[in-house]
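In what follows, a single structure is set out as structure tokens and then discussed.
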Amino acid sequence: MDNNKKRIKIVCPYCGYKMPIVYDPARVICKGVYIQCKGRRCKKEFEIMI
């Protein structure tokens, strides 16, 4: 990945925790990927749809 491109972090829709997952908005189409929040008190599962 080119270092000049901007990468965006995934944010939990429930608690607002910035997940340690990044994506390039120019190259991504994502649907049906479920992850669990890494926030201390949240731990809810949500789907990434980009």
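The values are calculated or read from the model by the stated rules, or taken from the named source; none is laboratory data. As the structure is a computational prediction, the values presented were derived from the model and not from experiment. Ideal geometry is used to build each Cβ from the backbone, glycine not excepted, and the neighbour counts take in all protein chains shown. Please note that ligands, DNA and RNA were not included when accessible areas were found on the heavy atoms of the full protein model with its side chains. Shrake-Rupley method; radii C 1.70, N 1.55, O 1.52, S 1.80 Å.
Table for the structure above
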| item | result |
| --- | --- |
| Filter pass, Val28 being assigned to a strand (DSSP E or B) and surrounded by 10 or more Cβ atoms within 10 Å (Cβ to Cβ) | no |
| From the options Tyr34, Tyr23, residue that is of a type outside the set (D, E, K, R) and open to solvent by 100 Å² or more (accessible area, probe 1.4 Å) | Tyr34 |
| The range 6-20: number of residues that are in a strand (DSSP E or B) and open to solvent by 50 Å² or more (accessible area, probe 1.4 Å) | 5 |
